[in-house]
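Right, one structure below, let's go through it.
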Amino acid sequence: MKEHEAMPVYTIGIAAKFLAVCPATLRLWEKKGIVKPERIGKNRFYSKYDIDRLEYIKYLLQKRRLNIAGVKGTLDTEFCWEVKNCNEKARKYYLVYLQWQAQKEEEEEEEEEEREEMSLSKQRESTYKSIGTNRETARQVKQLTSIQQTVREL
């Protein structure tokens, strides 16, 4: 895939002709949330990547007989770069891939922060327990010393 294929240059009418659907269908798919074309003002523009995705959506709807919810579920579980077996170089032009990659990195960072926080929390807890144990031991030694002194006095 080439960089120019990621540029949104096709209007809704042209995209509809490529797909052999009417523009209202593309607007409906957008309204249902299964496609998000680039907007410049009020106009919708689609890239070659968007057209490929729309062809896959059309296939899912018409050939596999899925409803909109089924298409959403499929698109959520199957990334287009996995379906088309795109290489890493081509994937960098997919906005969805870049967003997915950023989200994945963010989740990994959050998990690492949580692990670090848990580790610090466990260290604090251990320190507090040992301090508490030391205080308890010191109190017990004091009591024993006091009892020993009392016994000696008797």
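Rule-based calculations on the coordinates, nothing more; no lab input. Being a predicted model, the structure only gives us computed values, none of them experimental. Using ideal geometry, Cβ is built from the backbone for each residue, glycine included, and neighbour counts are taken over all protein chains shown.
Across segment 102-109, coupling constants 3J(HN,Hα) worked out from phi with the 6.51/-1.76/1.60 Karplus curve, θ = phi - 60°, read 5, 5, 4, 5, 5, 5, 5, 5 Hz, and Gly and Pro carry x.
Exposure proxy for Val71, Val21: other Cβ atoms within 10 Å of each Cβ, ordered fewest to most, give Val21, Val71.
For Arg44, the amide hydrogen comes within under 5 Å of the amide hydrogens of Ile12, counting only partners 5 or more places away or on other chains and with H modelled in the peptide plane. Here the calculated FRET efficiency for Arg64 and Lys17, from their Cβ-Cβ distance with R0 = 25 Å, stands at 0.60, rounded to the nearest 0.05. The gain in end-to-end length when the Gln149 to Glu117 segment is fully stretched comes to 6.8 nm, 0.36 nm per residue minus the alpha carbon separation.
Among the listed pairs Lys32/Lys104; Lys63/Lys104; Lys42/Lys72, those whose Cα-Cα separation exceeds 28 Å are Lys63/Lys104.
FRET efficiency for Glu106 and Arg139, Cβ-Cβ distance as r, R0 = 41 Å, nearest 0.05? Given R0 = 41 Å and the Cβ-Cβ separation, E is 0.25.
Among Arg64, Arg53, the ranking by other beta carbons within 10 Å of each residue's beta carbon, starting with the fewest, stands as Arg64, Arg53. Going from the fewest other Cβ atoms within 10 Å to the most, the residues Met7, Met118 appear in the order Met118, Met7.
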